[in-house]
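Just so you know, all these numbers are worked out from the coordinates, no wet-lab data involved. Remember, it's a predicted structure, so these values are computed and weren't measured experimentally.
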């Protein structure tokens, strides 16, 4: 399974997310995309395996950019981290059909736990 992480390093939440995920010992081929352009490039490449993406929308601009590329996210299992708890933001986030939704003000332990379960499940399925 391939894992794509969109996490702007310049943002404090991005740094924290990468620390939590790197400390969790995930067993997946991981690509970190520090910019939206690199994310679009990675999503546009052909995939030969199931892909999962952790998308950190640290700012409203990041979130609006992600909303512009729903076609690139069609066949990808998404964990989406959104910038606020506004009802409209949450409704827009659900339109992308994420497997899990979190917020930038969390400690990201929940994201790591869900991602670990997704990876373990996928690896179990591949054996059979």
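One-quarter of the Cα convex hull surface for the range 1-96, in nm²?
Numbers: hull surface 23.6 nm².
With every direction weighted equally, the projected area is 5.9 nm².
Between residue 45 and residue 74, what length in nm is gained on full extension when 0.36 nm per residue of separation is reduced by their alpha carbon distance?
Full extension from residue 45 to residue 74 adds 9.1 nm.
On full extension of the chain, what length is gained from residue 86 through residue 15, given 0.36 nm per residue of separation minus the C-alpha to C-alpha distance?
That pair, residue 86 and residue 15, stretches by 23.2 nm at full extension.
Residue 38 to residue 61: extension gain in nm, 0.36 nm per residue of separation minus the Cα-Cα distance?
6.7 nm
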